[in-house]
1. Can you tell me which condition HIS131 does not meet? The list is (1) within 22 Å of the chain's Cα centre (by Cα); (2) at pLDDT 85 or above; (3) surrounded by 14 or more Cβ atoms within 10 Å (Cβ to Cβ); (4) of a type outside the set (A, V, I, L, M), and all the others hold.
2. Of all residues being basic (Lys, Arg) and over 30 Å from PRO142 (Cβ atoms) in segment 13-58, which is surrounded by the fewest Cβ atoms within 10 Å (Cβ to Cβ)? Just the residue, please.
3. Can you pull out the residues in segment 54-105 that are more than 20 Å from SER10 (Cα to Cα) and β-branched (Val, Ile, Thr)?
4. Here are some conditions: (1) under 20 Å from the mean Cα position of the chain (by Cα); (2) among the polar types (S, T, N, Q); (3) surrounded by 14 or more Cβ atoms within 10 Å (Cβ to Cβ). ASN150 meets all but one. Which one does it not meet?
5. Evaluate segment 161-168: report whether one residue or more is surrounded by 16 or more Cβ atoms within 10 Å (Cβ to Cβ), among the aliphatic types (A, V, I, L, M) and assigned by TED's automatic domain parsing to the domain that holds LYS21.
6. If you scan segment 1-34, which residues turn out to be of a type in the set (A, V, I, L, M, F, W, C) and assigned to a helix (DSSP H, G or I)?
7. Just for helices (runs of 4 or more DSSP H) wholly inside segment 35-134: which have at least 3 residues that are touching a residue at least 60 places away in the same chain (Cβ under 8 Å)?
Amino acid sequence: MSNPIIPLLSKELLNGENFPKWKSNINIVLIGDNSKFVMTEVCPDVPGDLSSKESREKYKRWLTANNKAKVHMLASMSDMLRTKLEDVKTAYKMMEQLQEMFEHKFGQDRFEATKKYANARMAPGMHVRDHFITMMNYFQEPELHGDTINDQTQVGLILNSLSPSFLQFFTNYLLNKL
């Protein structure tokens, strides 16, 4: 079965700036190829001559899945990253190294995205609809970095960001538990 996201991986090569999106795409491909387990399961011991058929098959399955995962990962990276990581033995270790390289940058990006919606205030004269759309865009940004904001929190943040002219609406909302 061909995975339809594979062409996307070759179009959006990992370059560091797109790590969260790339990681999400890789996970989708690995799930589609039934290879995602190599990102969480340790490689089984190399079977010896007296090993059972089951342990040999388990090792072979893990090795095949790891090779698929590595191929997908390496094929979807910039040349510089590919050269740096092509000798890494497991897909898990490769992802570990990539996270060390890029995750710290996204901590700052995550903070900046959080700051946007936490400090947002409705501008005087702005339509509620336009403010709502702006806030929804702010809520989508952290999702690119792997964070989610539950619905209740989103409602609270939006209510908090409304102009003082909405104080009666805000009070009614809280008192009536809408």
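1. (1)
2. This residue is LYS53.
3. THR64, VAL88, THR90, listed by residue number.
4. (3)
5. Scanning segment 161-168, I find no residue that is surrounded by 16 or more Cβ atoms within 10 Å (Cβ to Cβ), among the aliphatic types (A, V, I, L, M) and assigned by TED's automatic domain parsing to the domain that holds LYS21, so the answer is no.
6. ILE6, LEU8, LEU9, PHE19, TRP22, ILE26, ILE28, VAL29, LEU30, ILE31 - these are the residues of segment 1-34 that are of a type in the set (A, V, I, L, M, F, W, C) and assigned to a helix (DSSP H, G or I).
7. 91-118
Listed here are the residues, each with its yes/no results for (1) modelled with pLDDT under 90; (2) within 18 Å of THR64 (Cα to Cα); (3) acidic (Asp, Glu).
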{"site": "PRO7", "(1), (2), (3)": "yes, no, no"}
{"site": "GLU12", "(1), (2), (3)": "yes, no, yes"}
{"site": "ASN15", "(1), (2), (3)": "yes, no, no"}
{"site": "ASN25", "(1), (2), (3)": "yes, no, no"}
{"site": "PHE37", "(1), (2), (3)": "no, yes, no"}
{"site": "THR40", "(1), (2), (3)": "yes, yes, no"}
{"site": "PRO44", "(1), (2), (3)": "yes, yes, no"}
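The values are calculated or read from the model by the stated rules, or taken from the named source; none is laboratory data. If you're wondering where the values come from, they're calculated on a predicted model, not measured in any experiment. Note that each Cβ is placed from the backbone with ideal geometry, even for glycine, and that neighbours are counted across all protein chains shown.
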